[in-house]
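For reference, the structure is listed below as structure tokens.
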Amino acid sequence: MFTVGLTGGIGSGKSAVAQLFREHGITVVDADQAAREAVLPGSPALAEIRTHFGAPVLKENGSLNRAWLRGAVFADPKQRQWLEALLHPAIAVLIDEALANAASPYAILESPLLLETSQHTLVNRILVVDVSEATQVARAIQRDGGDEAQIRAIMDAQISRYGRLGRADDIIDNDGPLAALEPAVAALHQRYLALAAQHAGQ
């Protein structure tokens, strides 16, 4: 399956771009969704997280307290590394399964950590949604209601904007209005159909 990795920093508009590809009939595998599935109640990963961090990491209903965990791991790089070492292999298995079951001419792997993890090895091409850092902060605050310090901590944990752009095969500039995304995605969709056909013929 010809697969395009879709990534971008927090607040860049990855989800809006992914939705437009879905509207073209393309299967989008969401790495964040795989990450949520990896820590569902009853999963081995959630049990290990509970043992490691203690009771506050769970909500009363037994599900993961994401806000608490986010604060804990972004305050301590060693804790973040421990969590990533636990979760990334489990997430990779779920992503592999979803890509294998994709039924469209090509697939999109939407992941905020595509380039920070081994997920980039699963894709044939990398599409970066790019915005300025000021736009990232403003959109993330508007969407999540967090404070700027926490958002910048998340940004610092991700590959830099210029590091991301340096790895891109394709770039969508999303500093403009939402309406500008539609023709950009439509053009890339045609390009990816052609590339997928070439890939299938090899």
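Considering segment 120-149, the residues that are under 24 Å from Q81 (Cα atoms) and either assigned to a strand (DSSP E or B) or at pLDDT 90 or above (or both) include one that is nearest to the chain's Cα centre (by Cα), namely H120. Against the numbered list (1) touching a helix residue (DSSP H, G or I) at 6+ places or on another chain (Cβ under 7 Å); (2) within 20 Å of R22 (Cβ to Cβ); (3) surrounded by 12 or more Cβ atoms within 10 Å (Cβ to Cβ), L195 comes up short only at (1). How many residues does segment 1-29 contain that are under 24 Å from D156 (Cα atoms) and surrounded by fewer than 19 Cβ atoms within 10 Å (Cβ to Cβ)? Residues that pass the stated criteria total 2. Of these, F74, F21, which one is in a helix (DSSP H, G or I) and in contact with a Lys or Arg (Cβ under 9 Å, 6 or more places away or on another chain)? From the options F74, F21, the qualifying one is F74.
Taking every residue in segment 68-91 that is farther than 16 Å from A149 by Cα and pairing it with any residue that is outside any helix (DSSP H, G or I), at least 6 positions away or on another chain, the pairs with Cβ-Cβ distances below 7 Å are H88/T117.
Residues are listed down the side, and each one gets a yes or a no for (1) within 25 Å of R161 (Cα to Cα); (2) of a type in the set (S, T, Y):
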{"site": "A35", "(1), (2)": "yes, no"}
{"site": "W82", "(1), (2)": "yes, no"}
{"site": "L86", "(1), (2)": "no, no"}
{"site": "L94", "(1), (2)": "no, no"}
{"site": "S132", "(1), (2)": "yes, yes"}
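Might you check whether a residue that is under 26 Å from G163 (Cβ atoms) and assigned to a strand (DSSP E or B) occurs anywhere in segment 6-16? Within segment 6-16, one or more residues are under 26 Å from G163 (Cβ atoms) and assigned to a strand (DSSP E or B). In this structure, does R152 turn out to be more than 19 Å from R125 (Cα to Cα), among the charged types (D, E, K, R) and assigned to a helix (DSSP H, G or I)? When the stated conditions are applied, R152 passes them.
Checking the conditions here, which among E110, E116 is modelled with pLDDT of 95 or more and crowded, with 17+ Cβ neighbours inside 10 Å?
Details: E116 fails: modelled with pLDDT of 95 or more.
The match here is E110.
The set of residues in segment 6-23 that are at pLDDT 95 or above and touching a Leu at 6+ places or on another chain (Cβ under 9 Å) comprises L6, T7, V17, A18, L20, F21.
Matching residues to (1) within 16 Å of L113 (Cα to Cα); (2) modelled with pLDDT under 90:
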{"position": "R36", "(1), (2)": "yes, no"}
{"position": "S43", "(1), (2)": "no, no"}
{"position": "L58", "(1), (2)": "no, no"}
{"position": "N61", "(1), (2)": "no, no"}
{"position": "L83", "(1), (2)": "yes, no"}
{"position": "P89", "(1), (2)": "yes, yes"}
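Tell me whether segment 165-181 contains one or more residues that are touching a His at 6+ places or on another chain (Cβ under 7 Å), assigned to a strand (DSSP E or B) and among the aliphatic types (A, V, I, L, M). Checked against the condition, which is being touching a His at 6+ places or on another chain (Cβ under 7 Å), assigned to a strand (DSSP E or B) and among the aliphatic types (A, V, I, L, M), segment 165-181 yields no hits at all.
The values are calculated or read from the model by the stated rules, or taken from the named source; none is laboratory data. Source: prediction; values computed, not measured. In this analysis, Cβ positions are derived from the backbone assuming ideal geometry, glycine residues included, and neighbour counts consider all displayed protein chains.
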